[in-house]
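Quick note: the coordinates plus some simple rules give every number you see, no bench work behind them. What you are looking at is a predicted structure, and each value in this text was computed from that prediction instead of being measured. All Cβ positions, glycine included, derive from the backbone under ideal geometry; neighbour counts span all protein chains shown.
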């Protein structure tokens, strides 16, 4: 399937574009020169992972696209509102020269990468907001709103970033830029800066995570609203200055 030079704007459904094969990596898709913007999402009716683009059981190339100003919002009681930008599941995805900017959600805002392998080249993840709406949070932190404004990488995923800018993302609670529980390669030209969160504004590498950070990748000037300046929080494996 090919989607070329198309606009997906003001669609009120769960996804503006949904790719769904019958087995992992099966559907072959090209999305090129597309604008997926200002889609409001579904409010109050579903807890299905929402967002602008969902890639499930696919091999997808997203090339020179704009994924901006989409929303994934939901109110009480189950507080969904996931993946306002891009969601991948059992997929291989390559993103070239693509903007994912100014999307808004409660949870897992710009990108959520599950059981997938993703390569990003010359992309920008900017100005996304994981927003808290309710003050009466549950004791279980998983259900608190306002987390993971940028990218969530689960334990069965691998992500490589080349010349990627992750900047000015805001999580009202935690994980402003990246939460990694899988494998993350921050390669040359990748910059993580200006992100804000109550905890872990730049990189939260959990005990299950592995990060390989090139000498040409940089993390600086991220703002932690609760703790002293903490450019990287890592309980897992962190390999710095990898060639």
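Computed quantities for the displayed model
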read-out: Residues 101, 119, 207 arranged by fewest to most Cβ contacts within 10 Å; value: 207, 119, 101
read-out: Residue exposure sequence - 173, 220 - by fewest surrounding Cβ within 10 Å; value: 220, 173
read-out: Relative contact order (%) - criterion: Cα under 8 Å, at least six apart; region: the chain; value: 12
read-out: Residues 175, 97, 168, sorted so that the one with the fewest Cβ neighbours within 10 Å comes first; value: 97, 168, 175
